[in-house]
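Working notes, beginning with the structure itself.
Any read-out appearing in this document is the output of simple, stated calculations on the displayed coordinates, not a laboratory observation. Since the model is a prediction, treat every value here as computed from it, not as a measurement. Don't worry about glycine lacking a Cβ; one is built from the backbone with ideal geometry, like all the others, and counts go over all protein chains shown.
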Amino acid sequence: MMKDKNFYTSLAIKMNTTSIDDAKRAYAGILKLIVGTCLSNGKIELPDLGTFKLSAYKERPVDIVVGGRRTGERMIVDATEVLKFRACRKLREYLNK
């Protein structure tokens with residue numbers, strides 16, 4: 001896994017700049033675009049990368065497991081929203097070479 005400093009340094013190099021601050025601003029801008037668009041439209045498609053989609057999970061009962069064994073008790077897990085990512089075909093084909 002890449003640490004923050006290494007990530008921003010690598011991003012700056014790929015952006016053809018020496019400014020780590022520029023890389024941080026670019027990355028923050030992309031994140032704001034993804035989150036903002038997903039919150040307002042439910043999804044965003046990024047060219048040559050894939051689709052981020054906001055998905056809702058309903059409230060549901062689950063079994064309580066302790067030490068790998070079910071206790072026989074159930075609890076309710078609250079409804080929640082999660083951000084899912086699906087890579088586009090072009091990216092999947094590139095990664096599966």
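Tabulated values for the structure
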{"read-out": "Number of positions in the stretch 36-50 that are closer than 26 Å to Asp78 by Cβ and in contact (Cβ under 8 Å) with a residue 24 or more places away in the chain", "value": "1"}
{"read-out": "Any hit, the stretch 65-75, residues being more than 22 Å from the chain's Cα centre (by Cα), surrounded by 10 or more Cβ atoms within 10 Å (Cβ to Cβ) and among the hydroxyl-bearing types (Ser, Thr, Tyr)", "value": "yes"}
